[in-house]
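Structure first, commentary second.
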Amino acid sequence: MKIKKLFIDKGLLNLEDVQYLIARLKMDPEQVTSSREVFDYVSSTPDPVICGKETLYITKNHGAVLKDCPGTSVYTCCDYRILHTGTFCTMDCSYCILQAYFHPPVLQYFAGLDPIQDELEKAFQQKKISRIGTGEFTDSLIWEPVSMVPQFLVNSFSRQDSCVLELKTKTVNIQSLLDIDHQHKTILSWSLNTPSVIATEERKTTPLSGRLAAAKKAQENGFPVSFHFDPLVIYPGCKEEYEKVIEQLFTAVDPDNIVWISLGSFRFMPALKPIVEKRFSDSVICYGEFITGLDNKMRYFKPLRIDLYQHIISCIRSHAPDVLLYFCMEDEQIWNACLNYYPGDDGQLGHLLDRSAAKHCFLDQSLL
Amino acid sequence: MSDCIQKIRVSDIDFSDTRYCFTPETDLKKNLALSIAAFGLPSPVWVRPDNGKFILLSGFAQAKAFSENKGEIIEAHLTDPALSDADCLLKAVILQSFPEPLPHAMLISAISGLSQFFDAGYLSEHSAAIFNTVLSRPFIEELLSISKGPEQGLLLLLQNRITLKTLRYLYKCPDEKGRALFKLFSGITASASKQMEIAVRFAEICARDRISGSELLRQEKIRKTLDDADISSAQKAEVIRHELFVMRYPELSRTKQEVNRMIQSFKTGSRIKIDPSKDFEGTDYTITIKVKSAQDLKESVERLQNLSEQPDFNRIFLS
């Protein structure tokens, strides 16, 4: 992580978490009265995406702190809830939709722990099992070395038994969390891919071996873990390479500690393609056999997805017959062809995930 | 002296000086020559006096046709000799931009010439008056940048082989790939949308397979199609477009072909149509039945019933 410019909204300097962050970044923030100043600064540079990754803007979250994952009606969603702690990412993955999602993309750190605490308290009081994650609009742990938010979240979740926190990352930033009495309510989660995809498409991320070593360490410290094979990329030899990744995964981690493993093939909004072509001119990730999906995102031709999923599932099952596998945004045909069942459109997938979370994270079983 | 109309000798026109001509097209317009022979020159041409000779500003095709008809004296507007090069160029552009704005190839050429004297901001500000159409500054700057690209691109644009959108795409391709695409488009004729499909598929196959554009052009089916003297350039475009689709989407095209073959083998006739979901992404297939009567409907339903019981029928659903 290398931040070259730090902005902060006026009036936020005295917040405890902000002082903690600034002290560790060892930078003098430039105070602004409007986000427009920051966005104009980023937009005026030759490569706003790169500038956005090197510019941190400490601001208030003016939107919802906790909201449901938008999903789509045409593919089965897992009914996840998203906790907004910031936006964008210091790593640079070619396929990252955040490049096209924000205009312009800027690293934002949402200041203040109180709004988060207030929203979490409401969720905890609902007495309903919820799976909450921070990894939708940013990597969950990029700020861990300099922010008190990850520790705050792990501590908050440890004091209740209806909700689990999933921190999804491609980093190894878990050091400050290891000694917390987490009560198994935080799932540390890694996005996995083949070494060649990581090397060519996931700039500035941790290599596979590092991620798996971190997962092993998390397991040793009692954390439940989960993994996301997403995005799966189809290329010559990919099946064999994913197979090796799975072997390495189960060498590092005990299947009994895995809450779930998700699978999702690479899909993208058409607007992302010119960005990838411009910023990652050597990448061929967008030149697979993509068709327009029912949600207007580009997806691999379905028989190709089924073929890869079936192979990966068979490999995972050979190591971990009972681990919960699910698809992120796939349809009934894929579920049936690859997992021999379909959880339906009425929240059944969410229920399956809740059950696994309840089992691995010691949630209140009566809430199921 | 201000502009005036005079009769001048055709032999005094320097046809080789094309500084005000924004199209390299010099083919004789036969119908125009016939018209001039039968009914005379439709309107005077415009010329600039230059050391006893005349340089054409407008009416290139008319003057050439007139000359081919062995005409000796032609009626011409003479510009004020005091006009500067910039003024003459501006006048030439204006004369050729009304009543219809210049096509893109000529516009690029005109803007390239005018840029020697006027900046993009000035040209944009006065674009309606000069070009008979409003042009934004970024668009003028883009056309200027295109004018500095390979001449082959402008020629293809002028010949209506490619649109400006396609040309933009080709210019963004790396040099070698761009040259191969210029070569490809010089041999085919396709609509605007098909041009882009062809260009994008071609470029993406090269990138995906790590091959050069010339290697792809040497691919047997493409090479043979381009060399085929018995089919038109439009037919060549269709064949190459399909071939590029097969190369770009091998599994999808194979599946489409296979499912279509299976559907045709059911011999449902023209009144029952079976359509898979687009690119097989959805799970629903559509069956359309055309009927003229209740009896007709009954027969079609029976036919479908029989069809659904055939072992092969389920194979079209790819499940």
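The values are calculated or read from the model by the stated rules, or taken from the named source; none is laboratory data. Predicted model only: the values in this text are computed from it and were never measured. With ideal geometry, Cβ positions are generated from the backbone for all residues, glycine too; neighbour counts draw on all protein chains shown.
Checking the range B:153-168 against the condition returns no match, with no residue being in a helix (DSSP H, G or I) and over 20 Å from the mean Cα position of the chain (by Cα). Can residue A:210 be described as in contact with a His (Cβ under 9 Å, 6 or more places away or on another chain) and either among the β-branched types (Val, Ile, Thr) or free of Cβ contacts under 8 Å to residues at least 60 places away in the same chain (or both)? For residue A:210, the condition - in contact with a His (Cβ under 9 Å, 6 or more places away or on another chain) and either among the β-branched types (Val, Ile, Thr) or free of Cβ contacts under 8 Å to residues at least 60 places away in the same chain (or both) - is not met. Selection of the range A:244-274 for residues being in contact (Cβ under 8 Å) with a residue 12 or more places away in the chain, assigned to a helix (DSSP H, G or I) and within 14 Å of chain B (Cβ to nearest Cβ) yields only A:273. The strands (runs of 3 or more DSSP E) found entirely in the range A:1-84 that carry 3 or more residues being at pLDDT 90 or above and surrounded by 15 or more Cβ atoms within 10 Å (Cβ to Cβ) are A:5-9, A:55-59, A:81-83. Filtering the range B:262-319 to residues that are within 14 Å of chain A (Cβ to nearest Cβ), out of contact with any Pro (no Cβ under 9 Å at 6 or more places or on another chain) and in a helix (DSSP H, G or I) leaves B:278, B:279, B:314, B:315.
Scanning the range B:62-83 for residues that are part of a helix (DSSP H, G or I) and buried (at least 17 other Cβ atoms within 10 Å of the Cβ) yields B:62, B:63, B:64, B:65, B:66, B:67. Of all residues in the range B:91-112, none satisfies being loosely packed, with under 14 Cβ neighbours inside 10 Å and in contact with a strand residue (DSSP E or B) (Cβ under 8 Å, 6 or more places away or on another chain). Among the residues of the range A:322-341, the ones that are assigned to a loop (DSSP other than H, G, I, E, B) and either surrounded by 18 or more Cβ atoms within 10 Å (Cβ to Cβ) or touching a residue at least 60 places away in the same chain (Cβ under 8 Å) (or both) come to 6 in all.
Listed by first and then second residue, the pairs with beta-carbon distance under 6 Å, at least 6 apart or on different chains, first residue in the range B:146-164 and free of Cβ contacts under 8 Å to residues at least 40 places away in the same chain, second assigned to a loop (DSSP other than H, G, I, E, B), are B:156/B:162.
Taken as a whole, the condition of being surrounded by 15 or more Cβ atoms within 10 Å (Cβ to Cβ) and over 29 Å from residue B:151 (Cβ atoms) does not apply to residue B:13. Annotation: of all residues in the range B:190-213 being more than 22 Å from the chain's Cα centre (by Cα) and not aliphatic (A, V, I, L, M), the one that is surrounded by the fewest Cβ atoms within 10 Å (Cβ to Cβ) is B:210. Within the range A:290-308, the set of residues being touching an Asp or Glu at 6+ places or on another chain (Cβ under 8 Å) and either more than 10 Å from every other protein chain (Cβ to nearest Cβ) or surrounded by 18 or more Cβ atoms within 10 Å (Cβ to Cβ) (or both) comprises A:293, A:299, A:300, A:301, A:302, A:304, A:305. In the set A:368, A:352, A:363, only one residue is away from chain B (no Cβ under 14 Å), surrounded by 15 or more Cβ atoms within 10 Å (Cβ to Cβ) and at pLDDT below 95; that residue is A:352. Taken together, B:171, B:249 contain a single residue that is at pLDDT 95 or above and of a type in the set (Phe, Trp, Tyr), which is B:249. Across the range B:43-61, the qualifying residues are those that are of a type outside the set (D, E, K, R), in a strand (DSSP E or B) and within 15 Å of residue B:9 (Cα to Cα), and the one among them that is farthest from the chain's Cα centre (by Cα) is B:49. Reported count of residues in the range A:203-216, each being outside any loop (DSSP other than H, G, I, E, B) and either more than 22 Å from residue A:258 (Cα to Cα) or among the hydroxyl-bearing types (Ser, Thr, Tyr) (or both), is 2.
Residues in the range A:309-318: is at least one crowded, with 18+ Cβ neighbours inside 10 Å and more than 23 Å from the chain's Cα centre (by Cα)? Looking through the range A:309-318, at least one residue is crowded, with 18+ Cβ neighbours inside 10 Å and more than 23 Å from the chain's Cα centre (by Cα). Where residues in the range B:174-195 are among the polar types (S, T, N, Q) and touching a residue at least 12 places away in the same chain (Cβ under 8 Å), which of them is nearest to residue B:154 (Cα to Cα)? Only one residue fits best here, namely B:186. For the range B:217-233, residues that are assigned to a helix (DSSP H, G or I), surrounded by 13 or more Cβ atoms within 10 Å (Cβ to Cβ) and under 22 Å from the mean Cα position of the chain (by Cα) total 5.
Quick check: anything in the range A:345-367 out of contact with any Phe, Trp or Tyr (no Cβ under 9 Å at 6 or more places or on another chain), over 24 Å from residue A:222 (Cβ atoms) and polar (S, T, N, Q)? No, because not a single residue in the range A:345-367 is out of contact with any Phe, Trp or Tyr (no Cβ under 9 Å at 6 or more places or on another chain), over 24 Å from residue A:222 (Cβ atoms) and polar (S, T, N, Q).
Here residue B:40 meets each of (1) surrounded by fewer than 18 Cβ atoms within 10 Å (Cβ to Cβ); (2) touching a residue at least 60 places away in the same chain (Cβ under 8 Å) with one exception, condition (2). With respect to (1) assigned to a helix (DSSP H, G or I); (2) at pLDDT 95 or above; (3) surrounded by fewer than 18 Cβ atoms within 10 Å (Cβ to Cβ), the lone exception for residue B:123 is condition (3). The single condition from (1) under 22 Å from residue A:98 (Cα atoms); (2) over 16 Å from the mean Cα position of the chain (by Cα); (3) of a type in the set (Ser, Thr, Tyr) that residue A:158 fails is (1). Among what's in the range A:275-289 and is out of contact with any Phe, Trp or Tyr (no Cβ under 7 Å at 6 or more places or on another chain) and assigned to a loop (DSSP other than H, G, I, E, B), pick the residue that is nearest to the other protein chains (Cβ to nearest Cβ). If we take residues in the range A:275-289 being out of contact with any Phe, Trp or Tyr (no Cβ under 7 Å at 6 or more places or on another chain) and assigned to a loop (DSSP other than H, G, I, E, B), then A:284 is nearest to the other protein chains (Cβ to nearest Cβ). Of all the residues in the range B:15-46, those that are modelled with pLDDT of 90 or more, closer than 22 Å to residue B:106 by Cα and in contact with an Asp or Glu (Cβ under 9 Å, 6 or more places away or on another chain) number 6.
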